[in-house]
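Here the structure is laid out as structure tokens; the discussion comes afterwards.
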Amino acid sequence: MAEPVCFYDFSSPYAYLTAHRIDDALPVPPCWQPILYGALIRKIGKLPWSMRPGSARDAQMRECEEQAAGLGLPLRWPRGWPTETYSVVVLRAALVAAELGLVREFSLAAYRQSFGLGRDLTDIDVVLEAADEAGADRAAVREGVERADVKERLRRVTDDARQLGVTGIPTVCVEGTLYWGNDRLTDAAAALADL
């Protein structure tokens with residue numbers, strides 16, 4: 001069975017929900033692939049719902065809260081979300097965690113810090129707390145987020161995702177077909193089962 005790839009970053013509450021469902025929803029474990037969604041949307045000229053103030057945004061935030069409650073997850077909006085809390089550092093840290101074989105564990109810990117506790121992932125100390133929680137070497141993560149090869153890898157995987165056609169997060173890719181959104185996990189699972 002093909003390995004699905006889940007594209008995400010840490011700014012999306014829907015990706016937070018997906019991260020807590022994906023292992024149970026898909027018949028095979030996915031490759032967790034963090035991307036720099038902020039750069040991707042700038043390149044494609046997209047303004048996500050979270051950056052459009054108004055009643056529609058408020059309604060989607062309430063929907064996220066209801067879905068989180070249904071999963072038994074807390075959902076606390078970090079102060080200044082999404083623009084003031086968008087973090088490149090946590091994405092680099094996730095790539096370092098992937099080198100250590102802990103990308104899933106780190107990602108869940110980072111989501112807990114952010115949407116679970118309402119903390120700001122632009123703060124390196126919060127990111128390092130997530131690394132500790134995931135069992136990753138704090139010094140390796142701290143040094144890794146500044147490495148030129150990690151910065152370049154983040155740009156590359158983001159460009160690769162854009163070229164594949166990713167326009168939103170979370171997106172699960174199954175054999176080249178993209179399933180965008182927390183609500184599309186069932187479709188991705190069905191596609192995997194048919195392979």
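Points worth noting:
- In the range 137-188, residue nearest to residue 16 (Cα to Cα) [restricted to those that are in a helix (DSSP H, G or I) and of a type in the set (Gly, Ala, Ser)]: 188
- Residue within the range 38-58 that is touching a Phe, Trp or Tyr at 6+ places or on another chain (Cβ under 7 Å), among the β-branched types (Val, Ile, Thr) and crowded, with 16+ Cβ neighbours inside 10 Å present: no
- Matching residues in the range 101-126 - criterion: being buried (at least 18 other Cβ atoms within 10 Å of the Cβ), more than 14 Å from the chain's Cα centre (by Cα) and within 24 Å of residue 152 (Cβ to Cβ): 102
- Checked against (1) buried (at least 17 other Cβ atoms within 10 Å of the Cβ); (2) modelled with pLDDT of 95 or more, residue 76 passes all but condition (1).
- Remark: pairs (first residue in the range 165-182, touching a residue at least 24 places away in the same chain (Cβ under 8 Å); second residue buried (at least 22 other Cβ atoms within 10 Å of the Cβ) and of a type in the set (D, E, K, R); Cβ separation under 6 Å; 6+ apart in sequence or on different chains) = 169/9.
The values are calculated or read from the model by the stated rules, or taken from the named source; none is laboratory data. Values in this document were obtained by computation on a predicted structure and should not be read as measured data. With ideal geometry, Cβ positions are generated from the backbone for all residues, glycine too; neighbour counts draw on all protein chains shown.
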